[in-house]
Amino acid sequence: MKSIGKRNLFFAASFIVLVLLASFPGLFDFSNKIEPRIFSLPFSYFWQFFINILIFLLLITWYLVDAKYGDLDIDIEPLTKVQLQELEVRK
Amino acid sequence: MLSIIFIVIFFVIVFAINAKNFGVKSFEEYATARGSFGVLAISLAVFSTWYVGATFTAFAGYSVGYGFIGLYVLTYATLTMLSMYLVAEKTYIWGKKYHIGTQAELMDLRYKSSMVRLVVGIAGIVFTAPWLLMEWITQGVIFNYATNGLISPVVGMLIGIVVVLAYVSLGGMKSVITANIFQGAFMFFVGTGVMLYMIFKFSGGIAAGMDSLVTNHPETLTFPGPGWELPTAFWTSIIVTSGLGGFMWPWVYNKLFASDSIRSIKQSALIAPIIGAIFYVVFQLLGNILYMNDTARNKPEEAYMWAAGEVGPVVLALMSTIIMATSIATVSGIIQAMSTSISRDVATVIKKDISEKTAMKIARISVFIIGAICAVLATVDVGALINIALLSYQGIIMIFPVVILGLYWKRANKEGALAGMIIGTIVSMTLTVTEPAFITNLGWSAGVYGLITTTVIMLIAGYAKPVEAHVEDLWNDIETARSNKKSAPLNAVDPALASTNLKNK
């Protein structure tokens, strides 16, 4: 996924799907119960933790893909004082 | 008494580590610290600023009083970080190139409208004010509780105000973030450790605590909680409105301008929610377990302090200091952002030829005026303040489409942004105040209707006009920066572009 725009869209959409699984009516209701208990946690708690762990993994993957394409090391030279003043005058 | 000694030591450390930052002379340094902070600083600053002191008092009503519902903060905090990740690149590039110091100023650049800047700036100040008041009150309450009533809440609040005003006015953003590093680390390591210890003291561990809750109070382990009848849409609403609005607070957003690179911001967007999640999960589990105790359940706003006191004086002293650290971190960020916004987004827009020295003076004077006004207003009922603070989320969320569409959609324009923000806020506030039956029956909060209104207005306005010329130039800034990854600076590569930008402005 070389295009940063497409990449952002894919990861943001995946992120939102996961958030909906933890919160949207119908999807959330499925998890809103005590049994089965997992790692001694009620299922409601486990589901929220599980979804959030998936979100963190997704964020880490997103970051690593951005890093792979060098999109984290973009830098820019600030405008000089004179350029800024000119900008203000024109405005 | 031990609590006061701990809090005083904490204040002394905050001043000691900031000594070299006092006496900033340039306004840009006051506002943004000249983009000098790396990933650890930004992560801890976002984490410590974002979790408020009132989490342990006013908002314990959810975790202690109702149990599971308090966990909404976990998912909404994660959703907030999506906003941070998405805005990172363009905020950094435009912020650095055009010497931008506030979120409102960034919107001025994007929409080429001082009016958008003024409205975003004022919205940030107005919607933030209740949080500031609530934090001052929290500090007073903590002093009062920690000294067994020896220091009155008003005197406690004044001590907190003096400490924060002093280091914010003297050191600006640099002081705020330097203190945030210490405050955030203290909150995470000591706070999480103390709360885990309390869980073991009260229930013999997380598993044992959950077993007891399943047996004795199973209703606290699912939504909506004991004695509450709410549709699921309420759960969705509080996550969506808080999650999308959460990164739009100027006191959180403006931290991005202090960052030294896009890499630092994006790494912070990974680290801040993970340390925040660990901290908050332990907080939530402790709160839910405390429900089993009558004293905590009947007075949830005092539950964490009471429980710490039951464990022993050292734990009470540590808990008081943790809450104070959480509160001071947020308050310093708010005060710095408000004073910067008053100077840069309000005063500068009203009177254009303000010198840097005057801007600096306005910011510093604003710090003290805000402090004085809050000290007077902070005598109001805390219960009313919580409602106003929650109401403010229904307002701040209107900035979300303005920022996100502004950064990602070329067609977004000032007409849509202004009309959307104003009409969306009116819709949201009217529905919140009048509370028509459908709000309660359907469960979607007023902010959701306001958010949809703002977005629809912006989309319609966007298609009603062609893309503006200055937007193409801003997009060119991004493309040029991307095509010169860590190589030549933009101006050196394409001097004509910079001059085009100047011309179009």
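Values quoted throughout were computed directly from the atomic coordinates according to the rules given, and no laboratory measurement underlies them. Fair warning: this is a prediction, and the values are worked out from it, not measured in the lab. As a convention, Cβ positions derive from the backbone with ideal geometry for all residues, glycine included, and neighbour counts pool all protein chains shown.
Key figures for this structure:
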{"item": "A:S40 farther than 14 Å from B:L82 by Cα, polar (S, T, N, Q), surrounded by fewer than 17 Cβ atoms within 10 Å (Cβ to Cβ) and at the interface with another protein chain (Cβ under 7 Å from one of its Cβ atoms)", "result": "yes"}
{"item": "Residue check for B:D345: of a type in the set (D, E) and buried (at least 24 other Cβ atoms within 10 Å of the Cβ)", "result": "yes"}
{"item": "Within the stretch B:56-71, considering residues that are among the hydroxyl-bearing types (S, T, Y) and buried (at least 24 other Cβ atoms within 10 Å of the Cβ), the one nearest to A:A22 (Cα to Cα)", "result": "B:S63"}
{"item": "Residues of the stretch B:212-226 satisfying the condition of being within 12 Å of B:Y62 (Cα to Cα) and surrounded by fewer than 18 Cβ atoms within 10 Å (Cβ to Cβ)", "result": "B:P226"}
{"item": "Any pair with Cβ under 6 angstrom, 6 or more apart, that starts in the stretch B:460-475 at a residue that is of a type in the set (A, V, I, L, M, F, W, C) and ends at one that is outside any loop (DSSP other than H, G, I, E, B)", "result": "B:A461/B:E415; B:A461/B:G416; B:A469/B:N504"}
{"item": "Filtered residues of the stretch A:63-91 (kept if within 7 Å of chain B (Cβ to nearest Cβ) and part of a helix (DSSP H, G or I))", "result": "A:Y63, A:D66, A:Q83, A:L84, A:E86, A:L87, A:R90"}
{"item": "Single condition B:T241 does not satisfy, out of (1) within 13 Å of chain A (Cβ to nearest Cβ); (2) on the phi < 0 side of the Ramachandran plot; (3) surrounded by fewer than 24 Cβ atoms within 10 Å (Cβ to Cβ)", "result": "(3)"}
{"item": "Count of residues meeting criterion [among the hydroxyl-bearing types (S, T, Y), within 9 Å of chain A (Cβ to nearest Cβ) and over 17 Å from A:L58 (Cα atoms)] in the stretch B:71-91", "result": "1"}
{"item": "Long-range neighbours under 6 Å by Cβ, at least six apart or interchain, first residue touching a residue at least 24 places away in the same chain (Cβ under 8 Å) within the stretch A:1-22, second assigned to a loop (DSSP other than H, G, I, E, B)", "result": "A:I4/A:D71; A:R7/A:M1; A:L21/A:L27"}
{"item": "Residue in the stretch B:204-221 that is in contact (Cβ under 8 Å) with a residue 60 or more places away in the chain, assigned to a helix (DSSP H, G or I) and within 18 Å of B:V52 (Cα to Cα) present", "result": "no"}
{"item": "Residue satisfying all of: in the stretch B:103-133; polar (S, T, N, Q) and crowded, with 20+ Cβ neighbours inside 10 Å; farthest from B:I370 (Cα to Cα) among these", "result": "B:Q103"}
{"item": "Qualifying residue in the stretch B:176-188 (condition: without any contact (Cβ under 8 Å) to a residue 60 or more places away in the chain, in a helix (DSSP H, G or I) and not basic (K, R))", "result": "no"}
{"item": "Evaluation of B:L256 against (1) crowded, with 24+ Cβ neighbours inside 10 Å; (2) at the interface with chain A (Cβ under 9 Å from one of its Cβ atoms); (3) of a type in the set (A, V, I, L, M) (one fails), failing number", "result": "(2)"}
{"item": "So A:F15, is it among the aromatic types (F, W, Y), crowded, with 16+ Cβ neighbours inside 10 Å and within 9 Å of chain B (Cβ to nearest Cβ)", "result": "yes"}
